Amino acid sequence: MTLRPFALYIHVPFCAQKCPYCDFNTYAVARVPDEEYANALIAELEYWGRDPRFCGRSLSTIFFGGGTPSLLSRSSLSRIIGAAKRVFGLNRAAEVTLEANPSTPTRSMYEGFLQAGITRISFGVQSFDAERLRLLGRDHSPLDAETAVRYSVDAGLTNVSVDLIFGVSGQTLNDVERDIDAACALPITHLSTYALTIEPGTPFFQRQERGLLVMPRDEAVAEMLSMIPQRVSTFGFERYEISNYSKPGMHSRHNEAYWVGTDYLGIGAGAHSYVASYQGEQLVGAERWSTLAQPAAYMKGAKEDKAVSWREPLTVDALTFEFFYLGLRRMVGVSLDEFSRRFGGDCLSRYEQVLNDLSIEGFVVRDNGQITLTPQGIALADSVYERFL
Ligand code: SF4
């Protein structure tokens, strides 16, 4: 029997500076502890390679996220990817994504990433408007972003994604349209668009509390959200998830693994992992855990095989909620046959009422056992998910 492959997420928590809206587990550093951090990641890979839950299973995708993983040296990236292949095995055609900051791009940088084994690059561009980039505290210009994408493609890294943020203070619908047009005019295969959320503990949160940051009204943000899919479709991009668009066949395979409930191993400071337990085809539980969040504590812990910070068992109830929550984010929606296969037919009967109500209220469409969100359901997605709790 072939063991199920799993996805590997590698967290690199270092950034050149901390953006004022960011609440990720990231740290502004003058110098990245490149070699020491790579050694810790490799030690952690070897540790999990001995764990019976991962031993003998191969990797479906690798994703370097952060933070700014493009701050790692080419030789460290190459060593980490080499170790992942050695410990678990990786298909030749597997997707290996690197999140990158487009500041100070050089052609040789992208050639180096390709040679290290990266096959896909995801640029945190956020906007093509210089004033908006300043407000967001980004350290790159619109021209840096364009140059980074072109250098990447010239170097042979042709599977390129761009992230944009919308709903920023002072931003109008026309501003967002201009950002979308600028991104889609570049030779990219994938676009992610996220509404800015103000997270507690961030400088933006404090500015908002003091009345110094005025965010667009909810109706204005909803208008931006509903404009984007139609606008990007004129450039040949199709929406395949609430926040994600791609050229045909160029979905992010790594992110899709999360949305369909594939097991994933997260390594690096503060990374999360998820492993499901099955009896036959039926899902009977799962475990989620995280590594130590502080880089120094994490690096010490990884060397001593003690990098895990906390573990949490997940009940079948929590997993059924995640099935709908994550699955409905995808435009193909969720399959009720798949639900019954994973959780049993009895479990599905508990959701019949809520599915019927959501359908009557116009938030979901039920067609041949497939449930998808309607445009109204997408606009109020968070309230729809809550109904499955
Ligand atoms: S570059 Fe990205 S990860 Fe780093 S602080 Fe800014 S938003 Fe956060």
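The values are calculated or read from the model by the stated rules, or taken from the named source; none is laboratory data. Please read these numbers as outputs of a predicted model, since none were measured by experiment. All Cβ positions, even for glycine, are placed from backbone atoms using ideal geometry, and neighbour counts span all protein chains on display. Protein only, heavy atoms only, side chains kept; ligands, DNA and RNA dropped before computing areas. Shrake-Rupley method; radii C 1.70, N 1.55, O 1.52, S 1.80 Å.
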Provide a single number: the residues in segment 291-316 that are over 21 Å from ILE81 (Cα atoms), part of a strand (DSSP E or B) and either of a type in the set (Phe, Trp, Tyr) or out of contact with any Leu (no Cβ under 9 Å at 6 or more places or on another chain) (or both). 5
In segment 176-204, residue surrounded by the most Cβ atoms within 10 Å (Cβ to Cβ) [restricted to those that are closer than 23 Å to PRO20 by Cα and polar (S, T, N, Q)]: THR193
Answer with yes or no whether GLY270 is farther than 30 Å from SER226 by Cβ and either surrounded by 15 or more Cβ atoms within 10 Å (Cβ to Cβ) or assigned by TED's automatic domain parsing to the domain that holds VAL87 (or both). yes
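Matching residues to (1) within 19 Å of MET299 (Cα to Cα); (2) outside the structural domain of ASN101 (by TED's automatic domain parsing); (3) without any contact (Cβ under 8 Å) to a residue 12 or more places away in the chain:
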site: PHE14; (1), (2), (3): yes, no, no
site: TYR27; (1), (2), (3): yes, no, no
site: TYR37; (1), (2), (3): yes, no, no
site: ALA43; (1), (2), (3): yes, no, no
site: PRO52; (1), (2), (3): no, no, yes
site: CYS55; (1), (2), (3): no, no, yes
site: THR61; (1), (2), (3): no, no, no
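Quick one: in segment 11-58, which of the residues that are within 14 Å of the ligand (Cβ to nearest atom) and not in a loop (DSSP other than H, G, I, E, B) is surrounded by the fewest Cβ atoms within 10 Å (Cβ to Cβ)?
The initial filter retains those residues of segment 11-58 that are within 14 Å of the ligand (Cβ to nearest atom), namely 11-29, 32.
Then drop every residue that is not not in a loop (DSSP other than H, G, I, E, B), which leaves 11-12, 14-15, 27-28.
On the way: HIS11: 26, VAL12: 29, PHE14: 21, CYS15: 21, TYR27: 16, ALA28: 11.
Going through the qualifying residues, I end up with ALA28.
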Test each condition in (1) more than 22 Å from PRO248 (Cα to Cα); (2) open to solvent by less than 40 Å² (accessible area, probe 1.4 Å); (3) outside any helix (DSSP H, G or I) for GLY211 and report the one that comes out false. (2)
Residue among LEU358, LEU319 that alone is assigned to a helix (DSSP H, G or I), open to solvent by less than 50 Å² (accessible area, probe 1.4 Å), more than 30 Å from TYR27 (Cβ to Cβ) and free of Cβ contacts under 8 Å to residues at least 40 places away in the same chain: LEU358
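Identify, from the list SER75, SER70, the residue that is assigned by TED's automatic domain parsing to the domain that holds GLY117 and away from the ligand (no atom under 16 Å from the Cβ).
On the way: SER70 fails: away from the ligand (no atom under 16 Å from the Cβ).
Selected residue: SER75, the only one of SER75, SER70 that is assigned by TED's automatic domain parsing to the domain that holds GLY117 and away from the ligand (no atom under 16 Å from the Cβ).
Please pick out the residue among ARG231, ARG239 that is surrounded by fewer than 20 Cβ atoms within 10 Å (Cβ to Cβ) and either hydrophobic (A, V, I, L, M, F, W, C) or in a helix (DSSP H, G or I) (or both). Please lay out each step first, then the result.
Values: ARG239 fails: either hydrophobic (A, V, I, L, M, F, W, C) or in a helix (DSSP H, G or I) (or both).
Exactly one residue qualifies, and that residue is ARG231.
Would you confirm, using the coordinates I've provided, whether GLU287 is in a strand (DSSP E or B), open to solvent by 50 Å² or more (accessible area, probe 1.4 Å) and either out of contact with any helix residue (DSSP H, G or I) (no Cβ under 8 Å at 6 or more places or on another chain) or assigned by TED's automatic domain parsing to the domain that holds ASP218 (or both)? Reasoning before the result, please.
Values: in a strand (DSSP E or B): yes; open to solvent by 50 Å² or more (accessible area, probe 1.4 Å): no; either out of contact with any helix residue (DSSP H, G or I) (no Cβ under 8 Å at 6 or more places or on another chain) or assigned by TED's automatic domain parsing to the domain that holds ASP218 (or both): yes.
No; evaluated as a whole, the condition is false for this residue.
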Among the residues of segment 257-279, is there at least one that is touching a Lys or Arg at 6+ places or on another chain (Cβ under 8 Å), assigned to a helix (DSSP H, G or I) and in contact (Cβ under 8 Å) with a residue 60 or more places away in the chain? yes
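Against the condition in contact with a His (Cβ under 7 Å, 6 or more places away or on another chain) and within 14 Å of the ligand (Cβ to nearest atom), how does PRO102 come out, does it pass?
Details: in contact with a His (Cβ under 7 Å, 6 or more places away or on another chain): yes; within 14 Å of the ligand (Cβ to nearest atom): yes.
Criteria met by PRO102.
Which of the residues that make up segment 141-159 are touching a helix residue (DSSP H, G or I) at 6+ places or on another chain (Cβ under 7 Å) and of a type outside the set (Asp, Glu)? Lay out the reasoning, then the answer.
From segment 141-159, those touching a helix residue (DSSP H, G or I) at 6+ places or on another chain (Cβ under 7 Å) are 141-142, 151-152, 154-157; that's our starting set.
Listed by number, the residues that qualify are SER141, PRO142, TYR151, SER152, ALA155, GLY156, LEU157.
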Which numbered condition in (1) within 14 Å of the ligand (Cβ to nearest atom); (2) open to solvent by 10 Å² or more (accessible area, probe 1.4 Å) is the only one that PRO142 fails? (1)
